[in-house]
Amino acid sequence: MQKIRALIASPRVLSIKSNGWLYKCAGIRWIMSEESGNAQTKPLKRVEEGNRESGENGHITKKLKSDVEQTGDERKLPKRKVVLLLAYSGKGYYGMQRNAGSSQFKTIEDELVTALIKSGCIPDNHGDDMKKMSFQRCARTDKGVSAAGQVVSLKLWMIEDIKEKLNSNLPPQIRVLGLKRVTGGFNSKNSCDARTYSYMLPTLAFAPKDYGTENFAAFRLEPETLQRVNRLFGSYKGTHNFHNFTSQKAARDPSARRYITEMTCGEPFVRGGAEFAEITVRGQSFMMHQIRKMIGLVIAVVKGYSGDEVLKRSWGEEKVDVPKAPGLGLVLEKVHFDRYNKRFGGDGLHECLEWTEEEQAILAFKEEHIYPSIVETECQEGSMASWMATLPIHDFEATAKGAQDKDRGQDDDEGNGSDSAL
């Protein structure tokens with residue numbers, strides 16, 4: 001009988017020589033090689049791919065491949081799908097959405113992406129292609145429009161103190177106020193059920209058309225006028241065809257039908273010596289400039305440039321000349337995820353996408369950055385008064401193809417922001 005000699009090469013490697021053949025076991029596989037005379041034994045190779053590698057003492061060590069990755073000297077951390085709660089003052093920015101390759105028109109996302117890279121949350125090359133981090137925003141706010149409750153979803157590395165590091169790399173008028181883990185397939189645009197906006201304006205906007213704008217600070221809104229304003233805003237509730245409240249939408253385009261659940265004007269208040277009011281509107285989604293035109297048409301009616309019936313006529317198929325109120329006072333207040341919260345909010349793994357704990361921080365940001373910007377800009381530049389001076393040139397009684405075409409030309413000056421496609 002042949003003599004069998006067993007050599008223990010290591011606690012995890014076994015060699016057995018028999019009949020001129022060398023059998024080696026590494027982990028779970030055997031390697032057989034022919035041995036002759038004084039031939040040297042072939043060095044043992046790693047045979048189990050993917051999850052094992054040789055350690056310092058020849059041991060086969062298990063490699064974790066799920067959460068931690070290593071590429072060269074670049075540190076990799078767990079990458080997770082999250083949502084960020086953003087608040088920003090839109091003054092000086094060309095809307096929310098990034099214009100790739102264009103540094104001339106700075107947007108909120110330009111600042112955010114730069115901060116994500118500087119903070120070590122995403123690789124450098126993700127800044128050029130935001131699809132690589134599965135980035136999605138709830139609302140493409142227009143030029144100059146602010147937000148107190150914007151939500152974006154993306155995949156990022158879970159570094160320590162994410163909010164603090166991001167905010168240290170953001171300008172003061174842009175803040176990350178919250179962060180929550182979400183499901184891997186979450187999309188902030190598609191998962192959003194509704195959006196709530198506010199619009200802060202001087203009550204002078206509802207003054208009679210013969211009231212002089214030089215008395216801006218002295219005007220006070222009468223309770224009866226406020227009741228009429230809210231009655232007109234209330235007529236927007238429900239589903240209507242808003243093709244006249246945006247640009248380049250055909251009257252029979254199904255996407256022009258939008259569902260509004262709330263639209264009201266609150267009690268007046270005084271800031272900077274002038275009286276202001278805040279309009280609140282909630283709907284499933286909004287088209288570009290839709291909210292500003294909804295407000296603009298009501299202002300025109302209250303001031304006496306048109307009758308109440310123009311609202312119903314604007315929902316019909318004919319073209320109606322609808323004025324667009326300034327963008328200064330528009331603020332994205334909140335985005336709603338009722339379906340997501342109902343399905344995943346109580347599963348024990350994910351949080352509801354509600355921001356009750358952040359409410360004080362949201363209010364503080366608005367008081368520090370959004371409200372002062374609106375009031376100071378309005379008092380200094382008089383954007384509402386300047387816009388009201390253009391109301392007499394609108395023709396509210398006839399179709400207005402020329403005015404609609406003119407309005408489309410103005411859209412191009414406001415970047416590609418949109419309250420739709422959220």
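The values are calculated or read from the model by the stated rules, or taken from the named source; none is laboratory data. What you see is a predicted model, and the numbers here were worked out from it, not measured in a lab. No Cβ is skipped: glycine too gets one built from the backbone with ideal geometry, and neighbour counts run over all protein chains shown. Heavy atoms of the whole protein, side chains included, go into the accessibility calculation; ligands, DNA and RNA do not. Shrake-Rupley method; radii C 1.70, N 1.55, O 1.52, S 1.80 Å.
Of the residues Asp142, Asp210, the one with the largest accessible area comes first in the ranking Asp210, Asp142, computed with a 1.4 Å probe on protein heavy atoms.
Measuring nothing but how far apart in sequence close Cα pairs (under 8 Å, 6+ apart) lie, relative to its length, the range 79-181 scores a relative contact order of 47 percent. Across the alpha-carbon atoms of the range 79-181, the computed radius of gyration and Dmax are 12.4, 34 angstrom. Mean separation of Cα pairs under 8 Å and 6 or more residues apart, divided by the residue count, gives the range 243-374 a relative contact order of 20 percent. Stretching Glu397 away from Arg80 to a fully extended chain increases their span by 108.6 nm, per 0.36 nm per residue minus the current alpha-carbon distance.
For Glu262, the residues whose modelled amide H falls within less than 5 Å of its own, excluding neighbours fewer than 5 places apart on the same chain, are Arg282. Of the peptides 341-352, 311-322, the ranking by mean beta-carbon count within 10 Å, highest at the top, reads 311-322, 341-352. Remark on the range 242-333: Rg and Dmax equal 14.1, 46 Å (Cα only).
Calculated FRET efficiency, Glu262 and Ala389, Cβ-Cβ r, R0 35 Å, to nearest 0.05? Approximately 0.70, to the nearest 0.05. For q = 0.15 Å⁻¹, what log10 I(q)/I(0) does the range 275-397 give under the Debye formula with an equal point scatterer on each alpha carbon and no solvent? Values returned for q = 0.15 Å⁻¹ are -0.87. Under a 5 Å amide H cut-off, with hydrogens placed 1.01 Å from N, Phe242 pairs with Arg257, Arg258 among residues at least 5 apart or on other chains.
Neighbours of His350 by Cβ distance under 11 Å: Lys/Arg scored +1, Asp/Glu scored -1, total +2.
Between Leu179 and Leu85, the built amide H atoms are under 5 Å apart, and every one of these is 5 or more places off in sequence or on another chain. Seen from Leu391, the other residues with C-beta closer than 9 Å to its C-beta sum to a net charge of +2, counting Lys and Arg as +1 and Asp and Glu as -1. Under 18 Å from a label point set 7 Å out along the Cα-to-Cβ vector of Leu363, the amide N atoms of the range 154-194 belong to 177-178. What FRET efficiency comes out for the pair Gln380/Leu349, r = Cβ-Cβ distance, R0 = 56 Å, nearest 0.05? Given R0 = 56 Å and the Cβ-Cβ separation, E is 0.65.
Karplus-based coupling profile of the range 210-219, in residue order and whole Hz: 8, 7, x, 6, 5, 9, 3, 6, 7, 5, with θ = phi - 60° in 6.51 cos²θ - 1.76 cosθ + 1.60 and x standing for Gly or Pro.
Taking Lys and Arg as +1 and Asp and Glu as -1, the other residues whose beta-carbon sits under 12 Å from that of Leu311 total +3.
Residue separation of Asp338 and Arg231 scaled by 0.36 nm, minus their Cα-Cα distance, works out to 35.7 nm of gained length.
Packing-based ranking of 196-208, 129-141 yields 196-208, 129-141, ordered from highest to lowest mean Cβ neighbour count within 10 Å.
Across the range 148-163, rounded Karplus estimates of 3J(HN,Hα) from the backbone phi angles (6.51 cos²θ - 1.76 cosθ + 1.60, θ = phi - 60°) give 10, x, 5, 10, 10, 10, 6, 9, 8, 6, 7, 6, 6, 6, 4, 4 Hz, Gly and Pro being marked x.
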